[in-house]
Amino acid sequence: MYIPTQTPRATYWNRVLLNVFWIVLALDLLSQLFIFRSMWGYRPRVTAGEYFLTYILTPDLLIAALLLILEGIYKWKPQFSEASITVGSHLYAILIIMFISPGIDVKPLIMLLPLLVSMIYLNSTYLIASTITCLLYTILLFSTTPTYDYTLRVENIIIALIFAGASITGFGVIHRGRDLLHSLENSMKSEQDLRIQNIIMDRLSKIDPLTDLYNHKTFHEYLGWLIDHQQNNPFPMQLAVLDLDNFKKVNDMYGHWVGDIVLKQVAAIILKNIGADDFAARYGGEEFVIILTAKSLDVSYEIIEKIRVELAEMPITEMEGKSVTISIGVHDFVGADSKSYVFQKADDALYQAKKTGKNKIVVL
């Protein structure tokens, strides 16, 4: 079964309208008490107690009870709050009209209240219902007006025209409000699409599309930032440069598509073994780089060695179950090292690993 939900905006307006109803009730009570005290010299044909009970206490208690019911619906059944407040606005207006002094000629205009509530909700169904209520009330006014009272009939016609004008204006307001909401939604959607596109473009500019590791450019930016950061907050850091052994033979024997599979698997092994504080990138071709931080050289060496061993022992289905090996050069950063020096030392270590047999780690 479908149960309507309340948006935060609708909840906000429900609360505003309920607050307005309470304020109007308070003002109505104050005005009634003022009239009761200041104009009692005219002494109607009832006692002070009867007048207070009939024209002040009873209507205000009925209105307060109505508002308490609306408050309960707002708190415990918020999905029905909007509809209940709309219905309640009709009852609110009717109660005020029923108990207000007959001598106040503008009291029928209180029926504008539900029309205004419908406009605030931008709900044409509510506005149609409110318009029908006002129409029935206007018919009641005409039916109860003596035929000889020309002035009162003219007043009723003016009131009917005011209701009609308010209803027409309400439909215009609702139509215009919906247009503005639609334009706002389109604008927000366009902004959201642009933000998503910027995020995607930013990711594409930083990530290697094949391996999902960071790319060459991002590696140099991050390494430079880390080294600058070292000046104020020294911490252990090692740079490892990794290069697949004899990778050209893999491409030549099995094809570049198998070579791509190998590169993805290498990236997966690297990501599986490094920590959240570490950084891995595909430097280019079959070459990778890893920045390990907040670890001693011994701990970082164990991580690099695990990567090397795991790769060497992993059979690759597309290569007839054979495996590949990787050579690794490592440099342990010290405070005086520049970015170019750090990379050069790790690259020199990689060169020695390649030159002295491959599938090993050399630290310089």
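Here are some notes:
- Search result, residues across the range 222-259 that are surrounded by 14 or more Cβ atoms within 10 Å (Cβ to Cβ) and of a type in the set (D, E, K, R): D243, D245
- Tabulated pairs, the range 224-248, first closer than 24 Å to A267 by Cα, second basic (K, R), C-beta under 6 angstrom, 6+ apart or interchain: G224/K339; P236/K295; D245/K358
- Considering residues of the range 1-47 that are at pLDDT 85 or above and of a type in the set (S, T, N, Q) only, the residue surrounded by the fewest Cβ atoms within 10 Å (Cβ to Cβ): N19
- Residue satisfying all of: in the range 335-352; touching a residue at least 40 places away in the same chain (Cβ under 8 Å) and among the small types (G, A, S); nearest to P236 (Cα to Cα) among these: G335
- Selection of first residues in the range 128-145 that are over 20 Å from V87 (Cα atoms) and of second residues that are part of a helix (DSSP H, G or I) and not small (G, A, S), restricted to Cβ pairs under 8 Å at least 6 apart or on distinct chains, gives the following pairs, ordered by first then second residue: L141/P108; L141/N156; L141/I159; F142/R153; F142/N156; T145/L152; T145/R153; T145/N156.
Per-residue answers, yes or no, for (1) open to solvent by less than 20 Å² (accessible area, probe 1.4 Å); (2) in contact with a Phe, Trp or Tyr (Cβ under 8 Å, 6 or more places away or on another chain):
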position	(1), (2)
I63	yes, yes
L70	yes, yes
Q79	no, no
L112	no, yes
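- Residue list for the range 203-221, restricted to those being within 32 Å of the chain's Cα centre (by Cα), open to solvent by less than 70 Å² (accessible area, probe 1.4 Å) and either on the phi > 0 side of the Ramachandran plot or among the hydrophobic types (A, V, I, L, M, F, W, C) (or both): I207, L213
- The residue list E50, E71 contains one member that is at pLDDT 90 or above, in a helix (DSSP H, G or I) and out of contact with any helix residue (DSSP H, G or I) (no Cβ under 6 Å at 6 or more places or on another chain), which is E71.
- Residue ID - modelled with the highest pLDDT, chosen from residues in the range 118-173 that are among the polar types (S, T, N, Q) and over 44 Å from the mean Cα position of the chain (by Cα): T138
- Where strands (runs of 3 or more DSSP E) fall wholly inside the range 263-364, no range has 3 or more residues that are buried (at least 19 other Cβ atoms within 10 Å of the Cβ) and touching a Pro at 6+ places or on another chain (Cβ under 7 Å).
- For the range 140-173, a tally of residues being within 20 Å of Y92 (Cα to Cα) and either open to solvent by 40 Å² or more (accessible area, probe 1.4 Å) or not in a helix (DSSP H, G or I) (or both) returns 2.
- Among the residues of the range 281-323, just one is in contact with a Leu (Cβ under 6 Å, 6 or more places away or on another chain) and either at pLDDT 95 or above or farther than 16 Å from I270 by Cα (or both), namely F288.
The values are calculated or read from the model by the stated rules, or taken from the named source; none is laboratory data. None of these values were measured; they are calculated from a predicted model. Note that we place each Cβ from the backbone using ideal geometry, even for glycine, and neighbour counts take in every protein chain shown. Protein only, heavy atoms only, side chains kept; ligands, DNA and RNA dropped before computing areas. Shrake-Rupley method; radii C 1.70, N 1.55, O 1.52, S 1.80 Å.
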